[in-house]
1. For the stretch 110-124, in order, what is each residue's ³J(HN,Hα) by Karplus, 6.51 cos²θ - 1.76 cosθ + 1.60 with θ = phi - 60°, in whole Hz (x at glycine and Pro)?
2. With the cut-off at 22 Å, report for the chain the share of all Cα pairs above it, as a whole percent.
3. If each of LYS131 and ALA119 carries a label point 7 Å out from its Cα toward its Cβ, how far apart are those two points in nm?
4. Given CYS109, THR135, LEU39, which one lies farthest toward the positive end of the charge dipole of the chain, if we put +1 on the Cβ of every Lys and Arg and -1 on the Cβ of every Asp and Glu?
5. At 7 Å along Cα-to-Cβ for each site, give me the label-to-label distance between THR7 and TYR58 in nm.
6. Karplus couplings for the stretch 64-77 from phi (6.51 cos²θ - 1.76 cosθ + 1.60, θ = phi - 60°), rounded to Hz, Gly and Pro as x?
7. Please return the longest stretch of the chain lacking exposed loop sites, where trypsin sites (Lys or Arg not before Pro) count only if DSSP places them in a loop and at most 16 other Cβ atoms lie within 10 Å.
8. Karplus couplings for the stretch 48-59 from phi (6.51 cos²θ - 1.76 cosθ + 1.60, θ = phi - 60°), rounded to Hz, Gly and Pro as x?
Amino acid sequence: MSLRKNTFFGKSHLSLLDICGFVNLWVMNCSFPVLQLQLRLANQTIVDWASFCREVVYDYMIVRKVMIGGHGHTVEIDESKFGRRKHHRGHRVEGQWMFGGYERETGNCFMIPVENRTADTLLKIIKDWVKPGTTIISDCWKVFLS
């Protein structure tokens, strides 16, 4: 029986060294050309593994929902719009608003896509993701003060 069976590495034909090397460089936010040069992998392999790594991160941060904070802990919260510029110039033309929090003591975090940034929406997310008794730090946007 293979050591890979029923694991993260299950159906891959890459060596475990290449997989670990890819994940390490991907976490360090290396560009695709650097990944290609360092690991000598095909472009499609890099695209596939980057997508797989994003799925793992999504699963860890969203699906495996674990509340952060608690008494004596501090969570920083903020919202941001993720998008791209048309032809890499000018103002952003599309994007997705995200709302997230970061726990200073542990580094645990969450990030949730939001359709609107109303007080009701953001306060519900805070109640769902941040434990009672947590010190919350924000940019004092008026929605948080209501």
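No lab work stands behind these numbers, since they all come straight from the coordinates. Just so it is clear, the structure is predicted and the values come from calculations on it, not from any experiment. With ideal geometry, Cβ positions are generated from the backbone for all residues, glycine too; neighbour counts draw on all protein chains shown.
1. Karplus values, whole Hz, x for Gly and Pro: 9, 8, 10, x, 10, 7, 9, 10, 6, 4, 4, 5, 5, 5, 5.
2. Values: 5937 of 10585 pairs.
Considering the chain, 56 percent of its Cα-Cα pairs are separated by more than 22 Å.
3. According to this spin-label approximation, the distance is 2.8 nm.
4. Of the listed residues, the answer is LEU39.
5. Here the modelled spin labels are 2.5 nm apart.
6. Each residue's phi maps through the Karplus curve to give 7, 2, 10, 5, 10, x, x, 4, x, 10, 10, 10, 8, 10 Hz.
7. Working: sites that count: ARG4, LYS5, LYS11, ARG40, ARG64, LYS65, ARG89, ARG104, ARG117.
Counting only loop sites that pass the neighbour cut-off, the longest clear stretch is 118-146.
8. Along the stretch 48-59, the couplings run 5, 5, 5, 5, 4, 5, 4, 4, 5, 5, 4, 4 Hz.
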